[in-house]
Amino acid sequence: MELLPRSPAEFGSARYWDRFFCQRGQRPFEWYGAFPELCPVLHKYVRPRDKVLVVGCGNSELSEQLYDVGMCEDIINIDISDAVIRQMRERSAGTRPRMSYLLMDMLHMDFPDAHFQVVLDKGTLDALLTDEEEATLAKVDQMFAEISRVLQVGGRYLCVSLAQAHVLKKAVEYFSQEGWVVRVHQVAGSGDKQQFVLPVFVYVMTKFRKIPGSAAQILEICPEEQDKPMRMESTEQLVAAVRDRQHYALLCSQIRKTPCREQVSLDLCDKESGKPRYTLHVVDSPSVKPSRDNHFAIFIIPQGRETEWLFGTEEGRRQLVASAGFGRLLTVALHREQHYEGMAGIQAELSGKVMELAPPGLPACQQVPFLSVGGDIGVRAVRHCASSPLSGDFVVEDVKGDGTCFFRRLIFLQNRNVVQSEARLLAPTPLPGQKKRRKDKKKPSPTEAPGAIDKSYLCCEHHKAMVAGLCLLGGPDALPGELAVLVVGLGGGSLPLFVHDYFLQAHVAVVEIDPSMVDVATQWFGFSQGDRMQVHVCDGLDYVAKLAAEAPAQYDAIMFDVDSKDLTVGMSCPPPAFVEKPFLQKVKTILKPEGVFVLNLVCRDARLKEAVLATLRDVFPLLYVRRIQGEVNEILLCQPSPAGRCDPAELGARARALEQALRQPGRPWDSSYALADMLQAVQIV
């Protein structure tokens, strides 16, 4: 502790360094970055014939090692500490005749202009730039000016640094404004075996003649020494890229030492595009006692199934790791914009990286298994990509579910982990680039995605509960003859289609604010309009307000299944304006006295949800809540009059009667549509 300075300013004091090296004696002091780790980077930029200047050499062995391995011999080392210069001259006397040590201040060097091809700095800039005070920055500017003066055009300033944000920003801004090419290397394997958890970086500043009037900057980063450079657009982007790698190193260090109390999530990005390629979740199971064979496993989530409860929620992943029987499970989700060469290709790509996330106590040379569902990476085919001013970027994709079923999904990319709409598919059609099946084939290929929409199937559990809620319209025996139904929010059209096809006397009006969604539902999800199905392209708020003023009490059922575009609110469905009291009173106005208002509520903010429920109770005297297991969705069944209140037994009888009425010969009925079960857990609020 006595070797530490009293203040950061002492790092620039010759007296401090004399005292430091006298007390330390002959033992070499390396701030960070061992020679074997630095060597691959230095080898690229230091040639045997180069004249090299090492500024702030201290008693580091770096110069000696460069000399001894034959990388370079014409090396001049300078330092402001007379004590260390004398020590280093003694160490190299007689063994390194072409290397010299000089007592010199790097801020005022005696060398002529353009005298060196390389200036090497290991930790000196970090030691000098301890703060951003005016005096400190002036010294750094003087240091950079002197380095620039003594370097030839085409020469390289190599700075080994921990890349604190203010240090990196200062260096990059100074030299890029001078017209130099700036490249930052992350030193491979530098953050795990030494006293510094943070990785070590090498700034490579290559001197070019400054072109008057040119504002072009060349900024690059090499994540590891073997990677080709990635171009950065600005100093801020380069600093952010370095910061991301520092955070990753800290994370790896933490989870290698202790189990994760909370699940850790991170993205691994494609080197070419910079876009996310893999999303990883680190999940530890406290209930599993690790043995040699169950410490750690990697689970590859099949493409398209990352939104399922088991893989897409914290609770689901906890269940997954417990059932897999491993102490730590690393789940890996694959991104739709990326191409993957099967399970073997993914394993080869991830093997080195995932070991950085291994748990504490993993035996050396332990084989880590890669797991998946069915042993493959699933099937995903993007059928349609587009953008809407209202919904943003979105895709329609076909994915293979569990077993042989295929599904078509609508995904809004601003919330890519949520399936906006989903439909089951039927007749096989080849994926893009695949040959058609031969007629004599009896079974479809597992990579063939069907194309026809199964309109009889509701994929979403909350849609099934919304349909079950319509049992409140009829008595225990039957439904009323004709139904007027308003659905706000089209999506892929599965909900209004089902109501139209199974409630044969229903007239369905759909309100959708985004005309692009009408096109998507029609082209990709089998939606169509007709005498009993009409779409109104407008804002649901305006449509309801207009009806309330002109034609009250005209709907038997009103169903809200509309998402919010504002992701900053803790409620993603519906938008907050749809559950404000004045608007809900308008909804009540256009609902018949014996009708039902069905609302899909997705709200993670407990206080906000309670406020929404209180507002609904103020407007609708009778309110049922059906929570969807494993999802955030809650289906609210609201009625204008408390006279229609049903106890659980009566509600179940009505649901069974509704199901019986809908199950008609010639119309398919899925076994999962047990409407009585859908309402079994309903609570009266």
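Can you classify the stretch 498-622 as rounded, prolate or oblate using the Cα gyration tensor, where a ≥ b ≥ c are the square roots of its eigenvalues, rounded means a/c under 1.5, and otherwise it's prolate if a/b beats b/c and oblate if not? The shape class here is oblate.
Values (i) 52; (ii) 56; (iii) 60 are given for comparison; percent of Cα pairs over 36 Å apart, derived from the coordinates here, is the one labelled (ii).
Computed from Cα atoms, the angle from the helix 342-354 axis to the main principal axis of the chain rounds to 50 degrees. Checking the cross-link pairs Lys455/Lys588; Lys581/Lys609; Lys44/Lys210; Lys565/Lys592; Lys464/Lys546 against a 26 Å limit on the alpha carbon distance flags Lys455/Lys588; Lys565/Lys592; Lys464/Lys546 as lying beyond it. Each of Met205, Leu608, Val187 was placed along the dipole of the chain (beta-carbon charges, centred on the mean Cα), and the one lying farthest toward the positive end is Val187. Normalised by the number of residues in the chain, the average gap of Cα pairs under 8 Å and 6 or more apart makes the relative contact order 7 percent. The long axis of helix 314-324 is offset from the longest Cα principal axis of the chain by roughly 80 degrees. Straight-line reach from Lys353: taking Cα to Cα under 16 Å and skipping same-chain neighbours fewer than 8 places apart, the aspartates and glutamates in range are Asp192, Glu224, Glu225, Asp227, Asp244, Asp267, Asp270. Rounded to whole numbers, the Karplus 3J(HN,Hα) couplings from phi for the stretch 129-141 are 8, 7, 8, 10, 5, 4, 5, 5, 5, 5, 5, 5, 4 Hz, using 6.51 cos²θ - 1.76 cosθ + 1.60 with θ = phi - 60°, and x at Gly and Pro. Net charge dipole, the stretch 458-684: roughly 440 debye, given to the nearest 20, about the Cα centre with Cβ charges of +1 for Lys and Arg and -1 for Asp and Glu. Remark: the stretch 538-643 carries a charge dipole of roughly 260 debye about the Cα centre, counting +1 on each Lys and Arg Cβ and -1 on each Asp and Glu Cβ. The fraction of accessible area contributed by carbon and sulfur in the stretch 458-684 is 50 percent, rounded to a whole number (1.4 Å probe; ligands and nucleic acids excluded). Length gained on full extension, Ala611 to Asn417: 67.2 nm, using 0.36 nm per residue less the C-alpha separation. The charge dipole of the chain, taken about its Cα centre with unit charges on the Cβ of Lys, Arg, Asp and Glu (plus for the first two, minus for the last two), comes to roughly 1560 debye.
Dipole of the chain computed with +1 at Lys/Arg Cβ and -1 at Asp/Glu Cβ about the Cα centre; of Asn59, His507, Val379, farthest Cα towards the positive end is Val379. For the stretch 268-363, rounded, prolate or oblate, judged on the Cα gyration tensor with a ≥ b ≥ c (square roots of eigenvalues), a/c < 1.5 rounded, else prolate if a/b > b/c? Oblate shape, in that a/c is at least 1.5 and b/c is the bigger or equal ratio. In terms of the mean number of neighbouring beta-carbon atoms within 10 Å, the peptides 202-211, 337-346, 555-564 order highest first as 555-564, 202-211, 337-346.
Rounded to the nearest 0.05, what FRET efficiency is calculated for Thr522 and Trp669 with R0 set to 25 Å and r the Cβ-Cβ distance? Here the calculated transfer efficiency is 0.50. Taking a point 7 Å from the Cα of Asp113 along the Cα-to-Cβ direction, none of the residues of the stretch 160-184 has its backbone N closer than 15 Å to it. Shown is the FRET efficiency for Asp141 and Cys269, computed with R0 = 35 Å from the Cβ-Cβ distance and rounded to the nearest 0.05: 0.50.
Any chance you could give the angle, 0 to 90 degrees and rounded to 10, that helix 82-92 forms with the longest Cα principal axis of the chain? Roughly 80 degrees between the two axes. Assuming a ≥ b ≥ c are the square roots of the Cα gyration tensor eigenvalues, decide whether the stretch 458-684 counts as rounded (a/c under 1.5), prolate (otherwise, with a/b larger than b/c) or oblate. Since a/c stays below 1.5, the shape of the stretch 458-684 is classed as rounded. Taking 15 Å as the straight-line reach from the Cα of Lys122, the aspartates and glutamates in range (excluding those fewer than 8 positions away in the same chain) are Glu30, Glu37, Glu61, Glu64, Asp79.
Along the axis of the charge dipole computed for the stretch 621-673 (Cβ charges of +1 for Lys and Arg, -1 for Asp and Glu, origin at the Cα centre), the listed residues Cys638, Leu651, Pro668 are led at the positive end by Pro668.
With protein chains left intact and a 1.4 Å probe, residues in the chain average 46 Å² of accessible area per residue.
The values are calculated or read from the model by the stated rules, or taken from the named source; none is laboratory data. Quick caveat, the model's predicted, so the values are computed rather than measured. Don't worry about glycine lacking a Cβ; one is built from the backbone with ideal geometry, like all the others, and counts go over all protein chains shown. Note: accessible area is taken over every heavy atom of the protein model, side chains too, but ligands, DNA and RNA are not part of it. Shrake-Rupley method; radii C 1.70, N 1.55, O 1.52, S 1.80 Å.
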